[in-house]
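Structure record follows, encoded as structure tokens.
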Amino acid sequence: MSDNKNTTAGFSHEKVETNNFLMIVLILLVVAVGGLVEIVPLFFQKSTTEPVTGVKPYTTLQLAGRDVYIREGCYNCHSQMIRPFRAETLRYGHYSVAGEFVYDHPFQWGSKRTGPDLHRVGAKYSDEWHRIHLNNPRDLVPESNMPAYPWLEKNLVDAADMAPRMRALRMVGVPYTDDEIAKSAEDVKGKTEMDALVAYLQGMGLALTNNFAGKTVGGSAATGAPGASAPPAAPAAPAAN
């Protein structure tokens, strides 16, 4: 069998293996082409850029609650992305789809679950349950390692800050109207950060929840997530946000 060194015709693999610069260039080329093939089609796929049926922009109060969620670092322990695995859909509900996040800037998918995924937590618990849980999680689950947030009941939502936030979101595609922006301060007048965060949690993942009605398994702590809270004794009705 002839040695590769003696091959005179064509391009030998030895040239790539012995030339660091050429190797780097070819690797970058392959990665770039592969990335374009996977990413570019998504820009033209409507299911990734259009909201699914039932998904609406956050109300002013929910938007304020989302800001509290981000400020307090809730995304460090909770994800908002249910993967299409049987174990996750049985526990949390319908897997997450791209069209549910078109109004999230930035999205809160998260990358770690110290506590349970929250994407389908909307209407699963009562408002009062959330208030107790946020004020002191150990009142519901003694072994919970979730921090308490008692100051949320004392802090009022910054009403003057809502209109600029909504205008900024409209610039990136969230369809807030002039009327909604104009009355944003009135919508959150006298509301606490606790009210806002509860409203945000109660609105999570409702668009596809009905597809899995009766198929989800209990609450989060029942399946053993560290720091999770136990489900309520009975299903709670959705809160009026």
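Since every read-out is calculated from the coordinates, none of them should be taken as a lab result. Note that the structure is predicted; figures quoted are calculated from it, not measured. Counting neighbours? That spans all protein chains shown, and the Cβs are built from the backbone with ideal geometry, glycine included.
Among the chymotrypsin sites (Phe, Trp or Tyr not before Pro) in the stretch 6-91, those located in a DSSP loop and surrounded by at most 14 other Cβ atoms within 10 Å of their own Cβ are Phe11, Phe85.
Between the C-alpha center of the stretch 48-67 and that of the stretch 152-202 there is a gap of 12 Å. Taking other Cβ atoms within 10 Å as a rough exposure proxy, Asp179, Asp117, Asp161 sort from fewest to most as Asp179, Asp161, Asp117. When the GluC sites (Glu not before Pro) in the stretch 124-210 are filtered for DSSP coil states and for at most 13 other beta-carbon atoms within 10 Å of their beta-carbon, the remaining sites are Glu143.
Backbone amide hydrogens, once placed in the peptide plane, bring Thr192 within less than 5 Å of Val157, excluding anything fewer than 5 places away on its chain. Mean projected area of the Cα convex hull of the stretch 1-156, taken over all directions, amounts to 17.0 nm². Exposure proxy for Arg86, Arg91, Arg167: other Cβ atoms within 10 Å of each Cβ, ordered fewest to most, give Arg86, Arg167, Arg91.
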